[in-house]
Each structure stands twice: as C-alpha cells, then as structure tokens.
C-alpha cells in the first residue's frame, strides 16, 4: 500500500466478495417466499405464515399484556414468534416482547404462553391419534 501524503484525501480500497454459486446453495440458504419476519424468541427468519403475531393489549386491571393475534388483524405494532414453547421461553427470558412492542413497563405474557401451550397440546394429540388409528387397521383385501 502506498504511503499517505499530507494534505490529500485517502481513497478507500474497495473489496469485492465472491458470492457462492446459486446451484450449490442448500435449501436453507434460498430466499423465503412471501413476507418474511423474524421470531422474537430464537431470532431466526421465517415465512410470516409460520409465525404467530402478538400485539400489546391490557388485562382486566389495566396492566399491559402481550396477546396472541393468530389472524394478524389486530391494529397496532406487532411482533412475531414461532408457536413453540421453546421460542416463547426464549422471548420471555430475553424480555423481547417489551422491546419489540416498544412498551416501557414489562408486559405480562401469560395469554401468549397459554395459547402456545394449547396449540402444542392440540398438535400432539392429533399426531398420536393418527399414529394409533393407523395401527388398528386390518388388511381386508384377502378373503378367507
């Protein structure tokens, strides 16, 4: 590199970065289709349809709480979260709901926790009912 002379402006060196060949990228590296949002729990990007939108609301005593908005139609600022207890726990531990929704006091997040737990319970019960119903089927194709 050439020495810098007094009285002259420095010129920045431009560095180019080679991008990987698009045919070599893994499925995770490909751009997501449709709107993309970041989960406030795990901080990974995902398609908007895969995430639960949450908004700021108030409970019966007037305190601010985070409420689920599964339809995504509630007015106001929203944040997005994977509908899993793992991401919910991370968001609570990191106090991410208050920051994402720009709330000054720490909001309660019990309604979201209940919604996520109920959804996971429903998903588990559906998957176990499918697996048990398939094991009781008999092969009626052979006649004896």
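See the values below:
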read-out	value
Within the stretch 111-130, considering residues that are under 18 Å from the mean Cα position of the chain (by Cα) and more than 15 Å from residue 40 (Cα to Cα), the one modelled with the lowest pLDDT	123
Unique match (being surrounded by 13 or more Cβ atoms within 10 Å (Cβ to Cβ) and modelled with pLDDT of 95 or more) among 51, 103	51
Only one of 103, 90 that is outside any helix (DSSP H, G or I) and touching a residue at least 12 places away in the same chain (Cβ under 8 Å)	103
Neighbours by Cβ (under 6 Å, 6+ apart or cross-chain): first from the stretch 106-120, touching a residue at least 24 places away in the same chain (Cβ under 8 Å); second part of a helix (DSSP H, G or I) and surrounded by 15 or more Cβ atoms within 10 Å (Cβ to Cβ)	107/97; 107/98; 109/92; 109/97; 113/88; 116/88
Cross-chain or 6+ apart pairs with Cβ under 6 Å, the stretch 36-53 first and touching a residue at least 40 places away in the same chain (Cβ under 8 Å), then outside any loop (DSSP other than H, G, I, E, B) and surrounded by fewer than 15 Cβ atoms within 10 Å (Cβ to Cβ)	37/48; 38/45
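The values are calculated or read from the model by the stated rules, or taken from the named source; none is laboratory data. The structure presented is a predicted model; accordingly, all values stated were derived computationally and were not measured. Cβ sites come from the backbone with ideal geometry, for glycine too, and all protein chains shown count toward neighbours.
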